[in-house]
Amino acid sequence: MEIVILRDAHEVGRTAASAVAALLARRPDAVLGLATGSSPLPVYDELARLHAEDGLDFSRASGFALDEYVGLPGDHPESYRSVIRRDFAERVNIDPVRVHSPDGAAADLEDACARYEQAILDAGGVDLQILGIGTDGHIGFNEPGSSLASRTRIKTLTEQTRRDNARFFSSIDEVPHHVVTQGVGTIMAARHVVLVATGAVKAGAVHGLVEGPVTAMCVASVLQFHPHATVIVDEAAASALD
Ligand code: F6R
């Protein structure tokens, strides 16, 4: 695991985006794994800038979102399908048809999960997975206690995660209780994982990820077993590291 400690979120975003740009230069039809939330925003800002100013080309790339709320219609402004479109896809020249999200509104969710796994396989697997980390160490929405071999499935959000995400809704009561998320095994199958974390609120989770024992109680710690994981953090998020 490679750990990169930088001054602030802006530098974190620039460094993670440069890994995406290098991949696209090598492999224009790369498959990107896309996280939502606050952490990847500086990455998407920088990718949008590289596209606008340097012509970084996403026309042959494709993307797979990590997760989706269950029960929100796809066009709800806080569905992750909408968030990925707004924060990333609409700001670069990626073909919207090649930007996929799990279907959290499907009548048969288990079937939707299986279809999502198949779609990732059919695309040849994820080349570079952008990840954030929850304050409880989750990646995707694989909350503490998740199977480290899991594939895309339905999960229940912890109260901590619902509280953390309430800022995107008008009240915590509107935050869905369930999500469809890529599993830990799905994420581990990505060829390169780039996890970004910023702010002191993530310091404990980053400590567990980097220096803790590998345990399902801090799911991100499994990335210690990943053959190519890059952890890019600011000084505040690195503040609990030895
Ligand atoms: C989002 C996701 C989550 C977030 C995590 C951190 O697609 O899968 O694991 O990355 O909850 O969220 P932020 O970045 O908002 O602190």
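Take the range 86-114 and flag every residue that is more than 17 Å from the chain's Cα centre (by Cα) and assigned to a loop (DSSP other than H, G, I, E, B). Within the range 86-114, Val92, Asn93, Ile94, Asp95, Ala105, Ala106, Ala107, Asp108 meet the criteria. Being among the aliphatic types (A, V, I, L, M) and not in a helix (DSSP H, G or I) holds for only one residue in Leu50, Leu72, and it is Leu72. Of the residues making up the range 165-192, those that are surrounded by 24 or more Cβ atoms within 10 Å (Cβ to Cβ) and of a type outside the set (Ser, Thr, Tyr) are Val179, Val180, Gln182, Ile187, Ala190. Limited to the range 126-164, what total is found for residues that are at pLDDT 95 or above, in a helix (DSSP H, G or I) and within 9 Å of the ligand (Cβ to nearest atom)? Result for the range 126-164: 0.
Go through the range 19-75 and give me each residue that's under 30 Å from His178 (Cα atoms), touching an Asp or Glu at 6+ places or on another chain (Cβ under 8 Å) and of a type outside the set (Gly, Ala, Ser). Listed by number, the residues that qualify are Val31, Leu32, Thr36, Pro40, Leu41, Tyr44, Glu68, Tyr69, Leu72. Scanning the range 55-78 for residues that are more than 19 Å from Ala190 (Cα to Cα) and either hydroxyl-bearing (Ser, Thr, Tyr) or without any contact (Cβ under 8 Å) to a residue 24 or more places away in the chain (or both) yields Gly55, Ser59, Tyr69, Asp75, His76, Pro77. Just one of the listed residues (Asp8, Asp57, Asp45) is more than 16 Å from the ligand (Cβ to nearest atom) and either at pLDDT 95 or above or within 18 Å of Phe169 (Cα to Cα) (or both), and it is Asp57.
Residues in the range 115-154 that are of a type in the set (Lys, Arg) and within 16 Å of the chain's Cα centre (by Cα) were compared, and the one that is surrounded by the most Cβ atoms within 10 Å (Cβ to Cβ) is Arg153. Every listed requirement among (1) among the hydrophobic types (A, V, I, L, M, F, W, C); (2) within 16 Å of the ligand (Cβ to nearest atom); (3) more than 20 Å from Arg98 (Cα to Cα) is met by Leu34 save one, (3).
Being away from the ligand (no atom under 16 Å from the Cβ) and either buried (at least 20 other Cβ atoms within 10 Å of the Cβ) or under 19 Å from the mean Cα position of the chain (by Cα) (or both) is a condition met by no residue of the range 65-85.
Return yes or no: is Val196 of a type in the set (A, V, I, L, M), near the ligand (Cβ under 10 Å from one of its atoms) and more than 23 Å from Ala19 (Cα to Cα)? No: the conditions fail for Val196. When the residues of the range 189-213 are filtered to those that are out of contact with any strand residue (DSSP E or B) (no Cβ under 8 Å at 6 or more places or on another chain) and in contact (Cβ under 8 Å) with a residue 24 or more places away in the chain, the one that is nearest to Gly125 (Cα to Cα) is Ala189.
The values are calculated or read from the model by the stated rules, or taken from the named source; none is laboratory data. Because the structure is a prediction, the values reported are computed rather than measured. Positions of Cβ are backbone-derived with ideal geometry, glycine not excepted, and every protein chain shown enters the neighbour counts.
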